[in-house]
Amino acid sequence: MDTVNILLVIFSVLLALALSYYQYFYKAKNHTSIVWFLASLRFTAFFLLLLLLINPKIKKEITQTIQPILYVLLDNSSSINELKQSQNVQQVYQTFSESEKLKSHFAIQYFTFGTGINLFKTLDFSEKSTHISQVGDYFKKHTAAKNTPLVLVTDGNQTQGKDYIHSFSSDINVFPVVVGDTIPWNDLSITQVNANEYALQNNLFPIEVLVNYSGNQKSITSELVIEHQNQVIYKEQVSFLNQEKSKVVTTTLLANKIGLQQYKVSLKPFVNEKNIYNNTKNIAVEVINQKSKIAIISNITHPDMGVLKRAIEKNKYREVVLLKPAEVKEVSDYDLLIVYQPNAKFTQLFQQAKNKQINTWIITGKQTDYLWLNQINSDYTFNAVSQSENYKPLLQKDFSLFVIDETLFKNYPPLENAYLRIQAKVVTKDMLQSAIRNVTTQMPLLSFVENNAYRRAYLFGENIWKWRMQTYLDTQKFDAFDGMINQVVQYLSSKEAKKRLVVQAEKWFNASDKIFISARFFNKNYELDPQAQLTITLTHTATNKQKQYDLLKSEQDFKVHFEDLLPGKYQYQITEKRTQESVKGYFEVVEYDMEKHFVNANYLALKQLSEINKGSLYTTNQTSKLIDDLLKNENYKPIQNTVIKNTSLIDWKYLLITLALLFSVEWFTRKYVGLL
């Protein structure tokens, strides 16, 4: 206590004495033992009451023992079952959970992992994939203490995510418990099959197969077989000699049937091969019957046209030709016309496109004849002066014809054009508006017009080649820009009428994939309707079993997620309940489970992980040794901390009880001896 509080306490003693004396001794004739007893009670009560009013702070030393945290991560993926190691994992957990020494030494936290990471509840080995790198990422974010031990009970075979060896923080010491056979078995496997997602009918399409051999035999030969609809369409002998452990087999196949076609690629197993599941992979290719043909038409030479051609032809099923207006013989030969900086020489071309209802994309610039364009164009009125201006792109958040990355245009430089005033004469949908020196003009930069007869787009500016270069500077690749251009082309080249219900779904999935289907519903003004009520009816074509689900609303669309669908073909119908608008489609689930591809534990990767993160590798029968090593490790000793706490006297509940008790005893005594 400080000096002030000490003086107040002394004053309280004197005041309590004075009050007690005045109560029981001042002018009192008898000083009996009862009087002295009552006076002492009153003195003590007054003193305690005054002490509570002063409320001095009292320092108190508290010694705390802080246990080090021990994380135990248990692999709950189905590969543990496939390797017949589920009992061993259970045994490791049981050994840890029953060790009283370990529980008294560590604050133990148990987790399971597979596709995700979860607090331990049970081990059922049902996870469809193994994502070990996420374990490292998770504890990077949630662990700050240095030299934190982490026991990783796994086979080390990862089927999802980045390389996990370097995923763990250097502050975490990893102690892998390897589950499964560490002795390599002779095994053939197909590690990957690469093929295009689409192929043109009656064309050859390439297929690339990566085959692998693990084992100790100096030479081994197998046969690679590709089947389609239970018929063998390709065979090749594959030999592995000496230290050659992998090969790439390439060939071409004929796409002779339209629609989703499934192909089975397999390696003939050798005698007594332990795991033949990884000898087979299924792929699917959608065969389409035509290639889109697009014409870029201009009377001038400009780098924008080359950029557009390169971006559009990133899609192998689109062909782009560069033409002058006079070179276009028949506009119906093309799925889309891109007209670059038109003038009066385009009159006949525009008239043909209007008569044949060919979709067009009109790009204007400083060399565009706006007086002529006002006469022939029915969508906009233009008021242009010879002065040029720079127009910066601004993405419109309510644009809904297709999904665009909101960050795409953030760093894009402005486009050049004449100084324009633009007035729409029809209903338009702006994807980009323009700004001049950061002042919004409320005028379109990239806009779309649609009716039942045609679709048109307008880009009011030149030098979009700078956008493609900026995309490369930002991301070291052109994909984002090229993807945006192809979305515009996809929308314009479609001959379908405008739909209120738009569905996005892949045509095939692996059985271990998460299967998502998304949909968007538009009102009569073709605006996103957040109040839509969408349901999907899913039918397994082989069994005719049906299930119905509701689509859940997200920020921009509605989604449904399917799990544990059996391999096979499925038909679906998505319906909006209020309007009964519906869309039908199909997809196929292909038999594939990466968790069944392993015959050994990945001993080398786990050993490397333990060495990098200052741990040690153990097998399942060394669990007791691991526990002993953790207990003996000087880095993981409990820490004792002495904490000094300042406690207010008024927080002492026993003092309040004592005070009440003193007044009660005094009152009952006075009552008993007749002083009341």
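Say we look at the range 419-441 and pick out the residues that are in a strand (DSSP E or B) and among the aliphatic types (A, V, I, L, M); which of these is most open to solvent (accessible area, probe 1.4 Å)? It would help to see each step written out before you state the result.
Applying the first criterion (in a strand (DSSP E or B)) to the range 419-441 yields 419-424, 429-436, 439-441.
With among the aliphatic types (A, V, I, L, M) added as a condition, the list becomes 420, 422, 424, 431-432, 435-436, 439.
Details: L420: 5, I422: 25, A424: 44, M431: 0, L432: 0, A435: 5, I436: 22, V439: 93 Å².
Filtering the range 419-441 for residues that are in a strand (DSSP E or B) and among the aliphatic types (A, V, I, L, M), the one most open to solvent (accessible area, probe 1.4 Å) comes out as V439.
Quick one: how many residues across the range 310-339 are buried (at least 16 other Cβ atoms within 10 Å of the Cβ) and touching a Leu at 6+ places or on another chain (Cβ under 8 Å)?
8
Just a yes or no: is a residue in the range 588-597 within 24 Å of the chain's Cα centre (by Cα) and in a helix (DSSP H, G or I)?
Yes, the range 588-597 contains a residue that is within 24 Å of the chain's Cα centre (by Cα) and in a helix (DSSP H, G or I).
I'd like the full set of residues that are open to solvent by 50 Å² or more (accessible area, probe 1.4 Å) and assigned to a loop (DSSP other than H, G, I, E, B), limited to the range 187-231.
E197, Q201, N202, N216, Q217, K218, Q229, N230, listed by residue number.
Quick one: in the range 442-467, which of the residues that are in contact with a Pro (Cβ under 6 Å, 6 or more places away or on another chain) and of a type outside the set (K, R) is least open to solvent (accessible area, probe 1.4 Å)? Walk me through how you get there before you give the answer.
Kept after step one, since they are in contact with a Pro (Cβ under 6 Å, 6 or more places away or on another chain), are these residues of the range 442-467: 445, 465-466.
Checking the rest, the ones that are also of a type outside the set (K, R) come to 445, 465.
On the way: L445: 1, W465: 86 Å².
For the range 442-467, the residue satisfying everything is L445.
Consider T647 carefully, then state whether it is at pLDDT 90 or above and β-branched (V, I, T). Step through it out loud before you land on a result.
On the way: at pLDDT 90 or above: no; β-branched (V, I, T): yes.
In short, no.
Within the group I233, I220, I300, which residue is within 30 Å of M469 (Cα to Cα), out of contact with any helix residue (DSSP H, G or I) (no Cβ under 9 Å at 6 or more places or on another chain), among the β-branched types (V, I, T) and touching a residue at least 12 places away in the same chain (Cβ under 8 Å)?
Working: I233 fails: within 30 Å of M469 (Cα to Cα); I220 fails: within 30 Å of M469 (Cα to Cα).
Just a single option satisfies the conditions, and that option is I300.
Return yes or no: is N383 part of a loop (DSSP other than H, G, I, E, B) and surrounded by fewer than 15 Cβ atoms within 10 Å (Cβ to Cβ)? Break it down into steps so the answer makes sense when it comes.
Working: part of a loop (DSSP other than H, G, I, E, B): no; surrounded by fewer than 15 Cβ atoms within 10 Å (Cβ to Cβ): yes.
It is false that N383 is part of a loop (DSSP other than H, G, I, E, B) and surrounded by fewer than 15 Cβ atoms within 10 Å (Cβ to Cβ).
Being touching a Phe, Trp or Tyr at 6+ places or on another chain (Cβ under 8 Å) and outside any helix (DSSP H, G or I) narrows it down to one residue among I358, I404; which is it?
Working: I404 fails: touching a Phe, Trp or Tyr at 6+ places or on another chain (Cβ under 8 Å).
So the residue among I358, I404 that is touching a Phe, Trp or Tyr at 6+ places or on another chain (Cβ under 8 Å) and outside any helix (DSSP H, G or I) is I358.
Being in contact (Cβ under 8 Å) with a residue 24 or more places away in the chain, surrounded by fewer than 21 Cβ atoms within 10 Å (Cβ to Cβ) and either at positive phi or of a type in the set (F, W, Y) (or both) is the filter here, so list the residues in the range 72-98 that pass it.
Y93
Return the residues of the range 604-635 that are in a helix (DSSP H, G or I) and of a type in the set (A, V, I, L, M); say none if nothing qualifies.
First pass over the range 604-635, keeping only residues in a helix (DSSP H, G or I): 604-612, 620-632, 634-635.
Listed by number, the residues that qualify are L604, A605, L606, L609, I612, L626, I627, L630, L631.
Just to be sure, is P68 in contact (Cβ under 8 Å) with a residue 40 or more places away in the chain, under 30 Å from N602 (Cβ atoms) and open to solvent by less than 60 Å² (accessible area, probe 1.4 Å)? Step through it out loud before you land on a result.
Values: in contact (Cβ under 8 Å) with a residue 40 or more places away in the chain: yes; under 30 Å from N602 (Cβ atoms): yes; open to solvent by less than 60 Å² (accessible area, probe 1.4 Å): yes.
For P68, the condition - in contact (Cβ under 8 Å) with a residue 40 or more places away in the chain, under 30 Å from N602 (Cβ atoms) and open to solvent by less than 60 Å² (accessible area, probe 1.4 Å) - is met.
Within the range 628-639, can one find any residue that is at pLDDT below 80 and hydrophobic (A, V, I, L, M, F, W, C)?
yes
Which residue, of N315, N282, is over 28 Å from F460 (Cβ atoms), at pLDDT below 95 and not hydroxyl-bearing (S, T, Y)? Steps first, please.
On the way: N315 fails: over 28 Å from F460 (Cβ atoms).
Answer to the check: N282.
Are there any pairs, at least 6 apart or on different chains, whose C-beta atoms fall under 8 Å, with the first in the range 308-319 and of a type in the set (V, I, T) and the second assigned to a strand (DSSP E or B), and if so, which?
As it stands, the answer is I312/I294; I312/R318; I312/V320, since those pairs meet every condition given.
Please go through the range 505-531 and give me each residue that is at pLDDT below 85, closer than 28 Å to T360 by Cβ and either not in a loop (DSSP other than H, G, I, E, B) or not polar (S, T, N, Q) (or both), ordered by number.
Matches in the range 505-531: F522, K524, Y526, E527, L528.
Among the residues of the range 287-294, are any assigned to a helix (DSSP H, G or I), touching a residue at least 40 places away in the same chain (Cβ under 8 Å) and closer than 28 Å to N194 by Cα? Steps first, please.
Here is the first cut: in the range 287-294, the ones assigned to a helix (DSSP H, G or I) are none.
No, because not a single residue in the range 287-294 is assigned to a helix (DSSP H, G or I), touching a residue at least 40 places away in the same chain (Cβ under 8 Å) and closer than 28 Å to N194 by Cα.
What number of residues within the range 309-350 satisfy the criterion of being out of contact with any Lys or Arg (no Cβ under 8 Å at 6 or more places or on another chain), closer than 13 Å to S493 by Cβ and not polar (S, T, N, Q)?
Within the range 309-350, residues that are out of contact with any Lys or Arg (no Cβ under 8 Å at 6 or more places or on another chain), closer than 13 Å to S493 by Cβ and not polar (S, T, N, Q) number 3.
Could you pull out the residue among F409, F402 that is under 30 Å from F521 (Cβ atoms) and touching a helix residue (DSSP H, G or I) at 6+ places or on another chain (Cβ under 6 Å)?
Details: F409 fails: touching a helix residue (DSSP H, G or I) at 6+ places or on another chain (Cβ under 6 Å).
So the residue among F409, F402 that is under 30 Å from F521 (Cβ atoms) and touching a helix residue (DSSP H, G or I) at 6+ places or on another chain (Cβ under 6 Å) is F402.
Scan the range 484-500 for residues that are within 26 Å of the chain's Cα centre (by Cα) and either acidic (D, E) or surrounded by fewer than 18 Cβ atoms within 10 Å (Cβ to Cβ) (or both) and jot them down.
Within the range 484-500, N486, Q487 meet the criteria.
Among (1) under 36 Å from the mean Cα position of the chain (by Cα); (2) among the hydrophobic types (A, V, I, L, M, F, W, C); (3) within 26 Å of G259 (Cα to Cα), which single condition is V174 missing?
(3)
So, in the range 361-380, exactly how many residues are without any contact (Cβ under 8 Å) to a residue 60 or more places away in the chain, open to solvent by 20 Å² or more (accessible area, probe 1.4 Å) and in a loop (DSSP other than H, G, I, E, B)?
So the answer is 2.
Taking the residues in the range 253-281 that are open to solvent by 40 Å² or more (accessible area, probe 1.4 Å) and among the basic types (K, R) as candidates, determine which candidate is nearest to S222 (Cα to Cα).
Among those residues, the one meeting the criterion is K268.
Output the number of the condition that E416 fails; it satisfies all remaining conditions of (1) at pLDDT below 95; (2) surrounded by fewer than 19 Cβ atoms within 10 Å (Cβ to Cβ).
For E416, the exception is condition (1).
When the residues of the range 286-301 are filtered to those that are within 20 Å of T360 (Cβ to Cβ) and more than 39 Å from the chain's Cα centre (by Cα), which remaining residue is surrounded by the most Cβ atoms within 10 Å (Cβ to Cβ)?
Once the filter is applied, the top-ranked residue is I297.
For L551, are the conditions met, namely being in contact (Cβ under 8 Å) with a residue 24 or more places away in the chain, aliphatic (A, V, I, L, M), exposed (fewer than 14 other Cβ atoms within 10 Å of the Cβ) and farther than 18 Å from I404 by Cα? Write out each step before concluding.
On the way: in contact (Cβ under 8 Å) with a residue 24 or more places away in the chain: yes; aliphatic (A, V, I, L, M): yes; exposed (fewer than 14 other Cβ atoms within 10 Å of the Cβ): no; farther than 18 Å from I404 by Cα: yes.
No.
Being within 32 Å of the chain's Cα centre (by Cα) and among the β-branched types (V, I, T) is the filter; apply it to the range 93-114 and report the residue that is nearest to T623 (Cα to Cα). Even if it seems obvious, please write down each step before you answer.
Step one: filter the range 93-114 for residues within 32 Å of the chain's Cα centre (by Cα), giving 93, 107-114.
Among the residues that remain, those that are also among the β-branched types (V, I, T) are: 108, 112.
Details: I108: 15, T112: 18 Å.
Selected residue: I108.
May I ask you to list the residues in the range 459-498 that are part of a loop (DSSP other than H, G, I, E, B), touching a Phe, Trp or Tyr at 6+ places or on another chain (Cβ under 6 Å) and more than 20 Å from L337 (Cβ to Cβ)? Please lay out each step first, then the result.
Initial filter on the range 459-498 (part of a loop (DSSP other than H, G, I, E, B)): 461, 463-464, 476-478, 494-498.
Filter again for touching a Phe, Trp or Tyr at 6+ places or on another chain (Cβ under 6 Å), leaving 461, 478.
Selection gives F478 alone.
Mind checking which residues of the range 133-186 are aliphatic (A, V, I, L, M) and either under 19 Å from F106 (Cβ atoms) or part of a loop (DSSP other than H, G, I, E, B) (or both)? Before you say what the answer is, go through the steps one by one.
Applying the first criterion (aliphatic (A, V, I, L, M)) to the range 133-186 yields 135, 144-145, 150-153, 165, 172, 174, 177-179, 183.
Residues satisfying the conditions are V135, A144, A145, L150, V151, L152, V153, I172, V174, V177, V179, I183.
Pick from the range 118-147 the residues that are touching a residue at least 24 places away in the same chain (Cβ under 8 Å) and β-branched (V, I, T): which of them is farthest from K162 (Cα to Cα)?
Among those residues, the one meeting the criterion is T143.
The values are calculated or read from the model by the stated rules, or taken from the named source; none is laboratory data. As the structure is a computational prediction, the values presented were derived from the model and not from experiment. As a convention, Cβ positions derive from the backbone with ideal geometry for all residues, glycine included, and neighbour counts pool all protein chains shown. Keep in mind that these areas ignore ligands, DNA and RNA; they rest on the heavy atoms of the full protein, side chains included. Shrake-Rupley method; radii C 1.70, N 1.55, O 1.52, S 1.80 Å.
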